[in-house]
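Asker: Supplied in structure tokens, the structure appears directly below.
Taken together, the values in this text are just the output of simple stated rules run on the coordinates, not laboratory data. Keep in mind that what you see is a predicted model, and the values were worked out from it rather than measured. Glycine also receives a Cβ, built like all others from the backbone with ideal geometry; neighbour counts cover every protein chain displayed.
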Amino acid sequence: MGYTTAKKKVLAALVTNSFDHEPRNGIDVKNLLAMGQISCAAVADLIAKSSGRDHSESPHHQVKSVVVHCIKVQGWYIKFYFLDPRTTFISVHQ
């Protein structure tokens with residue numbers, strides 16, 4: 001899946017509030033969306049402003065067949081993956 005498709009899917013997930021958060025150590029500083037310190041609308045706005053140059057992909061650290069998307073935009077680091085039909089956020093932080 002390329003950047004354009006990933007961007008559309010993650011934005012749809014944020015608008016419809018159909019996403020999960022991956023449990024992790026340091027979630028209080030690594031996933032500000034999960035902690036309610038940044039809104040879905042603010043994250044969607046950041047992603048909407050991103051371009052393909054801001055995007056990278058890598059395999060998940062535990063499940064290599066899962067593609068993890070990373071968007072670095074305006075000093076923010078937004079990392080997520082898709083397990084249809086859900087989107088899962090790993091990190092949302094500055």
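Asker: Note the count of lysine pairs whose C-alpha atoms are less than 12 angstrom apart in the chain, limited to pairs 8 or more residues apart or on different chains.
Answerer: Total qualifying Lys-Lys pairs in the chain comes to 4.
Asker: From Cα pairs below 8 angstrom and at least 6 apart in sequence, can you work out the relative contact order of the chain, rounded to a whole percent?
Answerer: 30 percent
Asker: For a label point 7 angstrom out from the Cα of residue 62 toward its Cβ, which stretches of the range 4-36 have the backbone nitrogen within less than 11 Å?
Answerer: The answer is 22-25, whose backbone nitrogens lie closer than 11 Å to the label point.
Asker: Counting only residues 5 or more places away or on other chains, whose amide H sits under 5 Å from the amide H of residue 73 once H atoms are built in the peptide plane?
Answerer: 78
Asker: Separation of the range 47-94 and the range 5-44 by C-alpha centroid, Å?
Answerer: 10 Å
Asker: Using a simple spin-label model with points 7 Å from Cα along the Cα→Cβ vector, what separation in nm is obtained for residue 27 and residue 40?
Answerer: For the pair residue 27/residue 40, the computed spacing is 1.8 nm.
Asker: Something else: Can you give the longest stretch of the chain with no exposed loop site, where a site means trypsin sites (Lys or Arg not before Pro) in a DSSP loop (not H, G, I, E or B) with at most 12 other C-beta atoms within 10 Å? Numbers along the way, then the final one.
Answerer: On the way: sites that count: 24, 64.
Within the chain, the longest run free of exposed trypsin sites (Lys or Arg not before Pro) spans 25-63.
Asker: How large, in Å, is the chain by the Kirkwood hydrodynamic radius built from its alpha-carbon pairs?
Answerer: 13.1 Å
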